[in-house]
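This report refers to the structure that appears directly beneath it.
The values are calculated or read from the model by the stated rules, or taken from the named source; none is laboratory data. Please read all numbers here as calculations on a predicted model, not as lab measurements. Reconstructed Cβ throughout: ideal geometry from the backbone, glycine too, with neighbour counts over all protein chains shown. Note: accessible area is taken over every heavy atom of the protein model, side chains too, but ligands, DNA and RNA are not part of it. Shrake-Rupley method; radii C 1.70, N 1.55, O 1.52, S 1.80 Å.
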Amino acid sequence: MRKAEQGDTVKVNFTGRLDDGTEFANSNGDEPLEFTIGDGQLIPGFEKATVGMTEGERKTIRVEPSEGFGEKRPEMVSKVPRSAIPDHIELTEGLPLQVTTPSGEPVRVVVTDISDEEVTLDANPPLAGLTLTFDIELVAFV
């Protein structure tokens, strides 16, 4: 039976969960996810887990931050004066925003703290620093 290896294009169904059981992504009800193993389209731990799988095989894996979205980086968190946020934006913790860097690049951030004087914005990927669990089924080779 054929085993998946680097360079193979595969289709998988998957469910991703956090340690508390919260589901953050899945392919259920959608087309299976298609990718080429080793192309870097997905987090390294997910791609590596598919190596050696056969069609129809299912497995559950845990992906540490180093093989996932990385550790949270403190330099990606910044405090800005509350006055820098337009008045029409109703600030709440967890609010996603898009800001522009001094060089004009758009960056997605999340409001993580609000005080009378400052707003803390976190530009880390939402899943950075978290250990992730995936249920993976290799559906087909392409």
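For the chain, the solvent-accessible area works out to 61 Å² per residue, with a probe of 1.4 Å and every protein chain left in place.
Just the number, please: carbon plus sulfur as a percent of the accessible area of the chain, 1.4 Å probe, no ligands or DNA/RNA counted. Of all accessible area on the chain, carbon and sulfur atoms account for 49 percent.
Each part gets one Cα centre, and for region 1-33 versus region 41-96 those centres are 16 Å apart. Extension gain, Ala123 to Leu18: 0.36 nm times the residue separation minus the Cα-Cα distance gives 35.8 nm. For region 1-128, the alpha carbon convex hull comes to 159 Å³ per residue, rounded to a whole number. First select every other residue whose beta carbon is under 15 angstrom from the beta carbon of Leu97; then total the charges, Lys and Arg +1, Asp and Glu -1. Neighbourhood net charge equals -4. Placing +1 on each Lys and Arg Cβ and -1 on each Asp and Glu Cβ, with no other charges, gives region 74-142 a dipole about its Cα centre of roughly 200 debye. Of the peptides 15-21, 86-92, the ranking by mean beta-carbon count within 10 Å, highest at the top, reads 15-21, 86-92. Ranking Leu138, Phe24, Leu95 by Cα position along the charge dipole of the chain, where only Lys, Arg, Asp and Glu carry charges on their C-beta atoms, puts Leu138 farthest toward the positive end. Distance in nm between label sites at Met76 and Glu34, each 7 Å beyond Cα in the beta-carbon direction? About 3.0 nm, to one decimal. Sequence-distant contacts, meaning Cα pairs under 8 Å at least 6 residues apart, place the relative contact order of region 19-72 at 29 percent. Each of the peptides 38-48, 66-76 was scored by the mean count of other Cβ atoms within 10 Å over its residues; in descending order, highest first, they stand as 38-48, 66-76.
Region 5-60 has equivalent-ellipsoid semi-axes of 19, 13, 11 Å, by the square roots of 5 times the alpha carbon gyration tensor eigenvalues, sorted largest first. Charges were assigned to the Cβ only: +1 to each Lys and Arg, -1 to each Asp and Glu. The resulting dipole of region 2-142 about its Cα centre is roughly 420 debye. Taking amide hydrogens as placed 1.01 Å from N in the peptide plane, the amide H of Val119 sits under 5 Å from those of Val80, Arg82, each at least 5 positions away in sequence or on another chain. Evaluated at q = 0.20 Å⁻¹, the base-10 log of the normalised Debye intensity for region 78-128, with identical point scatterers placed on the Cα atoms, takes the values -0.68.
Is region 43-117 best put as rounded, prolate or oblate by its Cα gyration tensor, with a ≥ b ≥ c the root eigenvalues, rounded for a/c under 1.5, and otherwise prolate when a/b is larger than b/c, oblate when not? Since a/c reaches 1.5 and a/b is larger than b/c, the shape of region 43-117 is classed as prolate.
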